[in-house]
């Protein structure tokens with residue numbers, strides 16, 4: 001529609017030029033007859049008129065083509081695949097300003113590459129589930145099993161991570177045996193919850209007298225607690 005209007009406007013402009021030219025010619029003559037009109041038309045360069053018309057038409061076609069190309073470019077740009085928004089999950093801190101993943105990674109560093117390697121996540125999550133201080137739980141494990149350097153035979157043979165006593169006994173002895181390492185970790189933390197934390201014994205100093213007979217147990221556990229914090 002826009003293209004047709006441009007062409008029509010061009011033709012009307014040419015006709016207007018023709019009429020003005022005729023008027024000027026007639027004004028210079030003292031009479032008006034068909035001969036004058038004919039001569040006026042002959043004085044107009046028909047080729048120029050045609051050329052002007054072609055220029056107007058070509059210009060209109062060019063503008064129309066350019067407009068179509070721009071519209072196509074806009075359409076193609078709008079159809080480009082936009083990367084899906086990346087949803088970043090909120091940071092959830094579970095203990096001492098750390099996420100569960102960060103807490104587990106800290107524990108795994110101290111558990112080393114031996115028998116208890118990679119159990120940091122299980123220890124941390126289970127301690128939090130049973131309302132047990134994760135640092136104290138791991139500190140006791142590191143002290144009782146020696147896994148910060150080399151795991152003891154008690155943990156390797158009977159999966160006992162906390163020096164717990166009970167039945168069934170490990171190799172017929174007084175220390176309890178567990179079928180798997182995961183069961184040993186779970187049993188140890190459940191014991192801390194049931195016999196200590198649930199009873200209000202929540203610090204190393206409060207737990208020590210009941211947990212072990214040795215006078216050096218409390219400073220040794222506190223040593224590991226500080227080591228865990230600084231890892």
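Just so it is clear, none of the values below were taken in a lab; they were calculated from the coordinates. Just so we're clear, the structure is a prediction, and the values are computed from it rather than from any experiment.
The table below gives the values:
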quantity: The range 93-226 - Debye-derived log10 I(q)/I(0), Cα point model, q = 0.15, 0.18 Å⁻¹; calculated: -0.67, -1.00
quantity: Length released on extending from residue 131 to residue 105, taking residue separation times 0.36 nm less the Cα-Cα span; calculated: 7.4 nm
